[in-house]
Amino acid sequence: WAQFSHNYLSFACTTGVVLMFLIWVGRNLPSRNDITWFKNGGGMFGGKEPPAEKFNGGEKLIFWIATIGGCLVIASGFVLLFPFYGTTVANMELAEIVHSVVAVLYISAMFVHIYMGTIGVEGAFEAMSEGTVDVNWAKERHSLWYEEEMQSGATHGQAMRPAE
């Protein structure tokens, strides 16, 4: 049953990766601010959060790991799922290795993401579950995005809620 469901759920996974990419790629393109963010360890060392856009360097890294890793797992998985369509035994063996190794790395990255989104970063779980963040939280952790929202007049809009 596990293999049977795995094979059929692959189509839902493919749809999810494609939608994730289309929805969030615009805000996850690397920028110079991300270099500064990584140089400062995301604020973990030195106490002050480096300037960040709506998504900081670490969040963008998780996005690209999920996108690229997801595409590699999907492509190799489809080679394994449809073995009689223009492939060789050598390609099947390569697909098996790529599928397994990338899946393990992908799952490891998702464990880090789950940790950071639940207990690793205060306020992150509420941001994901409610879709909004406290104005002070945004100002402290994503200062460039905060400034962008303030300039557009979205102080109490969809993305941010008044300080509690």
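Phi-derived couplings, Karplus 6.51 cos²θ - 1.76 cosθ + 1.60 at θ = phi - 60°, listed residue by residue for the stretch 69-78: x, x, 5, 5, 5, 5, 4, 5, x, 5 Hz, with x used for Gly and Pro. Phi angles of the stretch 148-153 translate, via the Karplus equation with coefficients 6.51, -1.76, 1.60 and θ = phi - 60°, into HN-Hα couplings of 4, 5, 5, 5, 7, x Hz per residue; Gly and Pro are given as x.
Here, the stretch 8-89 has an Rg and a Dmax of 17.4, 56 Å when only alpha carbons are counted. Expressed as a whole number of Å, what is the distance separating the alpha-carbon centroids of the stretch 1-36 and the stretch 50-126? Using only Cα atoms to place each centre, the spacing works out to 8 Å. Assuming R0 = 25 Å, can you tell me the calculated FRET efficiency for the pair TRP24 and LEU105, based on Cβ-Cβ distance, to the nearest 0.05? My answer for the efficiency is 0.75.
Between VAL112 and TRP1, the FRET efficiency from the beta-carbon distance, with R0 = 30 Å, is close to 0.55. Accessible surface ranking for LYS60, LYS48, LYS139, 1.4 angstrom probe, highest first: LYS48, LYS139, LYS60.
Where only DSSP H runs of four or more residues are counted, the chain gives -21000 deg cm²/dmol as its mean residue ellipticity at 222 nm, each run worth -39500 (n - 2.57). Can you give me the % of accessible surface on the stretch 1-144 that is carbon or sulfur? Probe 1.4 Å, all protein chains present, nothing else counted. For the stretch 1-144, the apolar C and S fraction of the accessible surface comes to 71 percent.
Available extension along the chain between SER143 and VAL121 is 6.3 nm, counting 0.36 nm per residue and deducting the alpha carbon span. For the chain, the solvent-accessible area works out to 67 Å² per residue, with a probe of 1.4 Å and every protein chain left in place. Sequentially through the stretch 98-108, phi angles give Karplus couplings (6.51, -1.76, 1.60; θ = phi - 60°) of 4, 4, 5, 5, 5, 4, 5, 5, 4, 5, 4 Hz, Gly and Pro residues having no value and appearing as x.
The amide H of VAL133, built 1.01 Å from its N in the peptide plane, has MET160, ARG161 as neighbours under 5 Å, considering only residues 5 or more places off or on other chains.
Across the chain, C-alpha contacts under 8 Å between residues 6 or more apart give a mean separation that, scaled by the residue count, equals a relative contact order of 21 percent.
A Förster distance of 35 Å, applied to the separation of the beta-carbon atoms of THR15 and ALA90, puts the FRET efficiency at 0.70.
Rounded to the nearest whole angstrom, the semi-axes of the ellipsoid equivalent to the chain, taken from the Cα gyration tensor as √(5λ), stand at 37, 17, 14, largest first.
Shape annotation for the stretch 38-127: C-alpha extents along the principal axes are 55, 25, 19 Å, from largest to smallest.
The values are calculated or read from the model by the stated rules, or taken from the named source; none is laboratory data. In this text, all values refer to a predicted model and were calculated from it rather than measured experimentally. Here Cβ is always computed from backbone atoms with ideal geometry, including for glycine, and neighbour counts include all displayed protein chains. Note: accessible area is taken over every heavy atom of the protein model, side chains too, but ligands, DNA and RNA are not part of it. Shrake-Rupley method; radii C 1.70, N 1.55, O 1.52, S 1.80 Å.
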